Amino acid sequence: MNHRTRTQVWLLRARVAGAATLCGTAVVAQTAAAAAVAPAVGSTEAAASPLSLRQAFDAAWSRQPEALALQARRDAARAKQTAAKAWTPEPAALEVSNRTDRLGNNQGARELEVGIAVPLWLPGERGHSAALADAEGAAIESRASAAQLRVAAAVRDAWWQWQRARIEVGTARAQLDSTRLIAADVARRAKAGDLARADQHQADGAVAGGEAAVAQAEAALAAARQHLRALAGTAPAWSGADDSLAEPDPGAAATDTEAHAALQELKDRAAVAQRSVELTATQSRANPELMLATTRDRGARGEASQQTITLGIRIPFGAGPRFDARSANARAEATEIQAQLALERERLAAEREAVRVRVEASRTQLMATEKRAQLARESRGFFDKSFRLGETDLPTRLRIEAEAAEAERQAARTRIELAAAISAWRQALGLLPQ
């Protein structure tokens, strides 16, 4: 090999070594980048702090249009109450007029009139207006309370759907872990010749089914999490130990049906409608006006100006189709709300009884499912030992494992259902989340 050939070989080796060095550097850089990204993802997930039911409700209520407009409605109600206590139903009006013959024969005639028109309350109108303003102020507060209760119902529904989805994911993962342990044991024994290859396939198929169940449960969990996030504006953490606690059992603290926010809203609306009927009955005509004016005029150029004072009253005609229409609409509104109040009272009474029975049934069901889960755990231990000793075949072992997992899932889900039933009971009683 001559000197030129050795040089070319040396250059080729140097290029290969350089390429290998660059590849190694790129791999190290990619590994470092992945290591840097992993904590970032973990920190983002950790930023989603545990969210309680009360916190979710408070966050959801603060985003509602009723909450954002509540202070403005209160200001409007106070302004109406102040207006109802005024001396006049409407502000006074200033009247100014000037008459001249400058565009006609131009004899120098002049007349200047300055007056004020003051609207007057109709008999009984001021008192009924004040009563209507007070009723509207109370209706604003009851309307806000009823809106809070409706938001609480939506948050509670989304919250317990989220908790059910978490239970499904937890039980599916636990079942998958158990199935994987069985599959690993089967693979070891199949390799040793103690079990057939068909048994290993059956165990691997059970693992694949468990993986599919976990994926399906995780998808449902993500959907429930996003639904709760849409209500509260913030997403709960993926996992947590303290956010599935049930609300306090109302028990003897059950409030009277008449104090329910939905009924109170209808009662206040009925009061507003009744006050409107009474006010409309007094407003059979437009408000009369008291007029006071002073006039300064002269008949022709060179004559002395004369000044006069005018005191008068303007009384519009009343009744007629317009008054009849307003009165009929007010009475129809009052009648409709009274009917709604009666129906809502019956609905709430039936709902309270239904959720009370649901709570009792859930408690009984929880005792049964917990007993079943305990028996299933004991049976799983028995069959696991017999399977390891070769006294039980694989299909029976997988069946017992599936039954135990289903019993655990039913017990966990029943605990959530009991908590959801207590929450629905509090909702029917008109109590906000705690």
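The values are calculated or read from the model by the stated rules, or taken from the named source; none is laboratory data. Quick caveat, the model's predicted, so the values are computed rather than measured. Reconstructed Cβ throughout: ideal geometry from the backbone, glycine too, with neighbour counts over all protein chains shown. All accessible areas refer to the heavy atoms of the entire protein, side chains included, with ligands and DNA or RNA removed. Shrake-Rupley method; radii C 1.70, N 1.55, O 1.52, S 1.80 Å.
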Name the residue, out of Ala325, Ala293, Ala339, that is within 38 Å of the chain's Cα centre (by Cα) and open to solvent by less than 70 Å² (accessible area, probe 1.4 Å). Ala339
Only one of Ala350, Ala304 is open to solvent by 40 Å² or more (accessible area, probe 1.4 Å) and within 29 Å of the chain's Cα centre (by Cα); which? Ala350
Given the criteria open to solvent by less than 80 Å² (accessible area, probe 1.4 Å) and at positive phi, does Ala319 qualify? yes
Test for Glu141: is it assigned to a helix (DSSP H, G or I), open to solvent by 60 Å² or more (accessible area, probe 1.4 Å) and either free of Cβ contacts under 8 Å to residues at least 12 places away in the same chain or out of contact with any strand residue (DSSP E or B) (no Cβ under 7 Å at 6 or more places or on another chain) (or both): yes
Answer yes or no as to whether Leu195 is of a type in the set (A, V, I, L, M), out of contact with any strand residue (DSSP E or B) (no Cβ under 8 Å at 6 or more places or on another chain) and not in a helix (DSSP H, G or I). yes
Please work out if Gly108 is at pLDDT below 90, in contact with a strand residue (DSSP E or B) (Cβ under 9 Å, 6 or more places away or on another chain) and either assigned to a helix (DSSP H, G or I) or not acidic (Asp, Glu) (or both). yes
Can you say whether Glu258 is modelled with pLDDT of 85 or more, acidic (Asp, Glu) and open to solvent by 40 Å² or more (accessible area, probe 1.4 Å), as far as the supplied structure shows? no
Filtered residues of the range 220-250 (kept if outside any loop (DSSP other than H, G, I, E, B), of a type in the set (Gly, Ala, Ser) and either at pLDDT below 85 or open to solvent by 60 Å² or more (accessible area, probe 1.4 Å) (or both)): Ala223, Ala230
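Would you confirm, using the coordinates I've provided, whether Asp58 is free of Cβ contacts under 8 Å to residues at least 12 places away in the same chain, surrounded by 14 or more Cβ atoms within 10 Å (Cβ to Cβ) and part of a helix (DSSP H, G or I)?
When the stated conditions are applied, Asp58 passes them.
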Regarding the range 354-368, can at least one residue be identified that is without any contact (Cβ under 8 Å) to a residue 40 or more places away in the chain, in a helix (DSSP H, G or I) and either open to solvent by less than 40 Å² (accessible area, probe 1.4 Å) or at positive phi (or both)? no
So Gln216 clears everything in (1) of a type in the set (S, T, N, Q); (2) closer than 30 Å to Ala270 by Cα; (3) open to solvent by 40 Å² or more (accessible area, probe 1.4 Å) except one condition, right? Which one? (2)
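Just to be sure, is Leu290 at pLDDT 90 or above and not in a helix (DSSP H, G or I)? Write out each step before concluding.
Numbers: at pLDDT 90 or above: yes; not in a helix (DSSP H, G or I): yes.
Yes.
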Test result for Leu94, in a loop (DSSP other than H, G, I, E, B) and either farther than 25 Å from Ile337 by Cα or touching a Phe, Trp or Tyr at 6+ places or on another chain (Cβ under 9 Å) (or both): no
Can you find even one residue in the range 311-327 that is at pLDDT 90 or above, closer than 26 Å to Glu95 by Cβ and touching a Gly at 6+ places or on another chain (Cβ under 8 Å)? no
Meets criteria (under 15 Å from Arg229 (Cβ atoms), of a type in the set (Ser, Thr, Tyr) and at pLDDT below 90) for Ser43: no
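Filter the range 282-312 down to the residues that are among the aliphatic types (A, V, I, L, M) and free of Cβ contacts under 8 Å to residues at least 60 places away in the same chain, then identify the one that is nearest to Ala139 (Cα to Cα).
Ala286
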Just one listed residue, out of Gly108, Gly115, Gly137, is of a type in the set (Gly, Ala, Ser) and on the phi > 0 side of the Ramachandran plot, and it is Gly108
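Listed here are the residues, each with its yes/no results for (1) closer than 19 Å to Thr295 by Cβ; (2) in contact (Cβ under 8 Å) with a residue 40 or more places away in the chain; (3) surrounded by 12 or more Cβ atoms within 10 Å (Cβ to Cβ).
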| residue | (1), (2), (3) |
| --- | --- |
| Arg73 | no, yes, yes |
| Ala77 | no, yes, yes |
| Lys80 | no, yes, yes |
| Trp87 | no, no, no |
| Leu94 | yes, no, no |
| Ser97 | yes, no, no |
| Asn105 | no, no, no |
| Glu111 | yes, yes, yes |
